[in-house]
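Visitor: Questions regarding the structure given below will be posed in turn.
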Amino acid sequence: MGKKKEEREKSLLEELCGDDAKLYDLLSRSLYLDPIAAIPNMDLESLIEEAEKSVKDEDYREASPKYMRAIDKAIFEATQNLGEKSRYIRVIQDLASKTVKVTEKLKEIVENEVPTDYSSNARSRFEGRIKKYEFLSERIEDVIKIASLFYNEKLEVLRASGRREDRRQERQEARRKEEIEDEKSKERREARRKDMGRWERWKAERKDKGKEKERVEARRKEAIEAERKENRIDERETEKRRKKRRE
């Protein structure tokens with residue numbers, strides 16, 4: 001008999017959504033692995049003002065992505081400010097409603113302006129977007145709950161990665177200082193050997209080479225142990241996040 005096929009490990013989002021396939025489908029297309037990098041730095045009020053200005057100018061192609069960016073921002077802010085969840089729910093539902101209206105306008109424009117084949121494909125995309133934001137509005141409390149768990153864990157992973165990088169740079173800096181000191185010591189030894197006889201110089205050089213070999217081996221072992229230590233830290237932090245998720 002062949003080996004039993006190993007089950008694919010579930011993603012964080014799959015674990016959080018459980019059997020709620022519709023919610024998973026929505027959030028898998030809405031949440032970001034790195035929200036700090038992906039979500040606009042501009043404040044939410046400014047994002048909304050830009051979207052509403054595009055609507056006022058009847059530039060619906062510009063308004064649509066602007067509203068979507070504002071929704072992404074609002075969801076993220078809601079996950080970081082759960083004490084204001086009710087206010088963010090109202091804001092997100094209002095933005096979702098406006099996104100639906102803008103998408104309906106775009107659907108009308110495309111149907112009237114472009115060839116039938118393209119219009120059919122575009123209509124399907126617009127209808128999918130409308131359903132997405134209607135569902136988002138209906139399930140907003142669940143969206144914020146899952147998004148909060150998801151984003152908080154992702155942010156903790158990013159912070160842990162940042163801490164690991166800081167430690168790596170500290171080790172590199174310590175290594176650079178050691179190398180500078182080694183170079184100075186080497187220059188001093190070479191200066192001393194100039195006054196030695198041939199036999200003494202040979203013995204000194206041989207001794208220095210032996211010490212250098214020992215230093216290289218010691219640093220290799222230090223690097224291996226440092227990597228093992230980092231892996232142990234990663235394992236502890238991963239387990240801590242899993243435990244928190246289960247709770």
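The values are calculated or read from the model by the stated rules, or taken from the named source; none is laboratory data. Since we're looking at a predicted model, the values are computed, not measured. Note: ideal-geometry Cβ built from the backbone for every residue, glycine included; neighbour counts use all protein chains shown.
A quick yes/no check of all residues on (1) assigned to a helix (DSSP H, G or I); (2) surrounded by 13 or more Cβ atoms within 10 Å (Cβ to Cβ); (3) over 24 Å from the mean Cα position of the chain (by Cα):
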position	(1), (2), (3)
ASP19	no, no, yes
ILE48	yes, yes, yes
VAL55	yes, yes, yes
ARG69	yes, yes, no
ASP94	yes, yes, yes
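Visitor: Looking at VAL102, VAL110 in this structure, which one is in a helix (DSSP H, G or I), modelled with pLDDT of 95 or more, surrounded by 15 or more Cβ atoms within 10 Å (Cβ to Cβ) and more than 29 Å from the chain's Cα centre (by Cα)?
Guide: Values: VAL110 fails: modelled with pLDDT of 95 or more.
Matching residue, one of VAL102, VAL110: VAL102.
Visitor: Moving on to the next point. Taking ILE71, is it in contact with a Lys or Arg (Cβ under 9 Å, 6 or more places away or on another chain), closer than 18 Å to ARG29 by Cα and not hydroxyl-bearing (Ser, Thr, Tyr)?
Guide: Details: in contact with a Lys or Arg (Cβ under 9 Å, 6 or more places away or on another chain): no; closer than 18 Å to ARG29 by Cα: yes; not hydroxyl-bearing (Ser, Thr, Tyr): yes.
So ILE71 fails the test.
Visitor: May I pose another question? Residue pairs, Cβ under 8 Å, 6 or more apart or interchain, first in segment 84-102 and among the acidic types (Asp, Glu), second part of a helix (DSSP H, G or I). List them.
Guide: Pairs that qualify, where the first residue is among the acidic types (Asp, Glu) and the partner is part of a helix (DSSP H, G or I), are GLU84/ALA78.
Visitor: Of a type outside the set (A, V, I, L, M), under 13 Å from VAL143 (Cα atoms) and in the same structural domain as GLY128 (by TED's automatic domain parsing) - does that describe any residue in segment 41-58? Please lay out each step first, then the result.
Guide: As a first pass, look at segment 41-58 and keep what is of a type outside the set (A, V, I, L, M): 41, 43, 45-46, 49-50, 52-54, 56-58.
Filter again for under 13 Å from VAL143 (Cα atoms), leaving none.
Checked segment 41-58: no residue is of a type outside the set (A, V, I, L, M), under 13 Å from VAL143 (Cα atoms) and in the same structural domain as GLY128 (by TED's automatic domain parsing).
Visitor: Can you tell me which residue among GLU217, GLU222, GLU237, GLU227 is in contact (Cβ under 8 Å) with a residue 12 or more places away in the chain and either surrounded by 10 or more Cβ atoms within 10 Å (Cβ to Cβ) or assigned to a helix (DSSP H, G or I) (or both)? Even if it seems obvious, please write down each step before you answer.
Guide: Values: GLU217 fails: in contact (Cβ under 8 Å) with a residue 12 or more places away in the chain; GLU222 fails: in contact (Cβ under 8 Å) with a residue 12 or more places away in the chain; GLU227 fails: in contact (Cβ under 8 Å) with a residue 12 or more places away in the chain.
Going through GLU217, GLU222, GLU237, GLU227 in turn, the sole match is GLU237.
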